[in-house]
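Here is the structure we will look at.
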Amino acid sequence: MSQHFLLSPAAKTLSLVKVMRMSDAQAREAFRKIRWAETDGSPVCPQCGGREPYDLKTRQVYKCRACSKQFSITSGTIFASRKLAVRDILAAIAVFINGAKGYSALQLSRDLSVDYKTAFVLLHKVREAIEIARESGALSGDVEVDGAYFGGYVKPANERKDRKDRRKSINQTGKRQSVVAMRERNGRTVTHVTRSEAEGVALVKAHVAHGSTVHADEASHWDKLAAYFPIKRINHQLAYSMDGACTNQAESFFSRLRRAEIGTHHRIAGRYLHAYAAEMAWREDFRRVDNGTQYTMVVAAAAVAPQSRQWKGYWQRKAA
């Protein structure tokens, strides 16, 4: 039996020990070279694009000669106005990458000895950067589509006589959401959060190129796709794959998302479900890429992602 990729030496090119042992100066230099790769790490003013800033001796910031604005190595990025040292941010990204089924804020707060609120916002900023950096464009070729429901769990009553049929809408909480996944075979995974799986029909029309072959299960709402795409259907009561039709890769994504929910986060539903879905789609798409390359990809995505409107001052807004 061949060795699984994640167990092979080729999958392990990132050393958390080396990241943690970096001095603050080394960490700043590493982040600088990734952020300003086109100038080999030489700072570029985020305001005017000036390339001749100078260091201020009183603080770890630069001042642009052209516009006289001061900026740091994280100014204008998703980590703007940070309080954590750059080394701690790089360490957080490293341990985030090594979590094959995700990485919880509680565990990060313990590993880095930071407050839970700090870890929570930091990880969500990383997820937002990943979501922004995801390649756009229509999916093509063979595209598998499926949906799965998250949240809105209704605990059954203790005694059988008091239990209600939780399949009926009158007995549900109204908080249940559907994640619709469109997965290109040997390609990308695109996810959207909707109220119901049936809303995925419009999403498939918008995100799948004409002429692509769509694979779907026997749910009746997917019947409408036959008017727009060549479609193959699979009845899961008979088989998981038959006559070239299957949705196994879409199911594989949902398996990863379920395991992240059950084993790591315990609750991913609600207003941030889209962020967890995008993260797991990225992990699924790059599961055969070594962790060193994944680390560089995420740091680069965070270095170019704009300042977060959602997460800047998140807890201050909550406390107001």
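The values are calculated or read from the model by the stated rules, or taken from the named source; none is laboratory data. No experiment lies behind these values; they were computed from the predicted model shown. So basically every Cβ, Gly included, is an ideal-geometry build from the backbone, and we count neighbours across all protein chains shown. With ligands, DNA and RNA removed, areas are computed over all heavy atoms of the protein, side chains included. Shrake-Rupley method; radii C 1.70, N 1.55, O 1.52, S 1.80 Å.
Let me have the 222 nm mean residue ellipticity of the chain computed from DSSP H runs of 4+ only, each contributing -39500 (n - 2.57), with the sum over all residues rounded to the nearest 500.
Dividing the helical sum by the residues of the chain leaves -10500 deg cm²/dmol.
Based on the mean of other Cβ atoms within 10 Å per residue, sort peptides 199-205, 90-96 so the most packed one is first.
Going from most to least packed, we get 90-96, 199-205.
Of the DSSP beta bridges with both residues in the chain, give the percent that are antiparallel, rounding to the nearest 5. Numbers along the way, then the final one.
Numbers: 20 of 29 bridges.
Within the chain, antiparallel bridges account for around 70 percent of the total.
Please give the length that would be gained between residue 206 and residue 42 if that part of the chain were fully extended, namely 0.36 nm times their separation in residues minus their C-alpha to C-alpha distance (nm, one decimal). Could the numbers behind the result be given before it?
Details: separation 164, 0.36 × 164 = 59.04 nm, distance 4.10 nm.
54.9 nm is the gain from fully extending residue 206 to residue 42.
Can you give the relative contact order of the chain as a percent, counting alpha carbon pairs under 8 Å and 6+ residues apart? Please list the in-between numbers first.
Numbers: 479 pairs, mean separation 72.5, N = 320.
Result for the chain is 23 percent.
Express in nm, to one decimal, how much length is gained between residue 149 and residue 258 on full extension, taking 0.36 nm for each residue of separation and deducting their alpha carbon distance.
38.2 nm is the gain from fully extending residue 149 to residue 258.
Students often get this wrong: which residues of segment 272-305 have the backbone nitrogen under 16 Å from the point 7 angstrom along Cα-to-C-beta of residue 136?
Inside the label zone: 305.
Based on the Cβ-Cβ distance from residue 297 to residue 68, what FRET efficiency comes out when R0 is 30 Å, to the nearest 0.05?
With R0 = 30 Å, the Cβ-Cβ based efficiency is 0.30.
Search the structure for amide H atoms under 5 Å from the amide H of residue 217, placed 1.01 Å from N in the peptide plane, and list their residues when 5 or more places away or on another chain.
234
Show the residues, 5+ positions off or on another chain, whose built amide H is closer than 5 Å to the amide H of residue 69.
64
If I fit a long axis through the Cα atoms of helix 24-35 and take the longest principal axis of the Cα atoms of the chain, what angle between them do I get, 0 to 90°, rounded to 10?
Between helix and principal axis, roughly 60 degrees.
Spin-label point model (7 Å from Cα, Cβ direction): what's the residue 314 to residue 81 distance in nm?
Inter-label distance under the simple model: 1.4 nm.
For the chain, what % of the accessible area comes from carbon and sulfur atoms, probe 1.4 Å?
Answer for the chain is 49 percent, counting heavy atoms of protein chains only.
What is the gain in length, in nm to one decimal, between residue 25 and residue 168 on full extension, counting 0.36 nm per residue of separation less the C-alpha to C-alpha distance? Before the final figure, lay out each step's value.
Details: separation 143, 0.36 × 143 = 51.48 nm, distance 5.93 nm.
Between residue 25 and residue 168, full extension yields 45.6 nm more.
Under unit Cβ charges (Lys, Arg +1; Asp, Glu -1), what dipole magnitude, rounded to 20 debye, does the chain have relative to its Cα centre?
1360
Go through 111-120, 293-302 and give me the packing order, highest mean Cβ count within 10 Å leading.
293-302, 111-120
Answer with one residue from 270, 221, 313: the one whose Cα lies farthest towards the positive end of the charge dipole of the chain, charges on Cβ with Lys, Arg +1 and Asp, Glu -1.
313
Averaged per residue, what accessible area in Å² does the chain show with a 1.4 Å probe, protein chains only?
Accessible surface, normalised per residue, equals 55 Å².
If you fit an axis through the alpha-carbon atoms of helix 248-260 and take the longest principal axis of the Cα set of the chain, what angle between them do you get, 0 to 90°, nearest 10?
60
At q = 0.20 Å⁻¹, what base-10 log of I(q)/I(0) does the Debye formula yield for segment 176-270 when every alpha carbon is treated as an equal point scatterer in vacuo?
Those come out to -1.09, one per q.
Working from the alpha-carbon coordinates of the chain, get Rg over Rh, Rh being the Kirkwood radius.
Radius of gyration over Kirkwood radius for the chain works out to 1.03.
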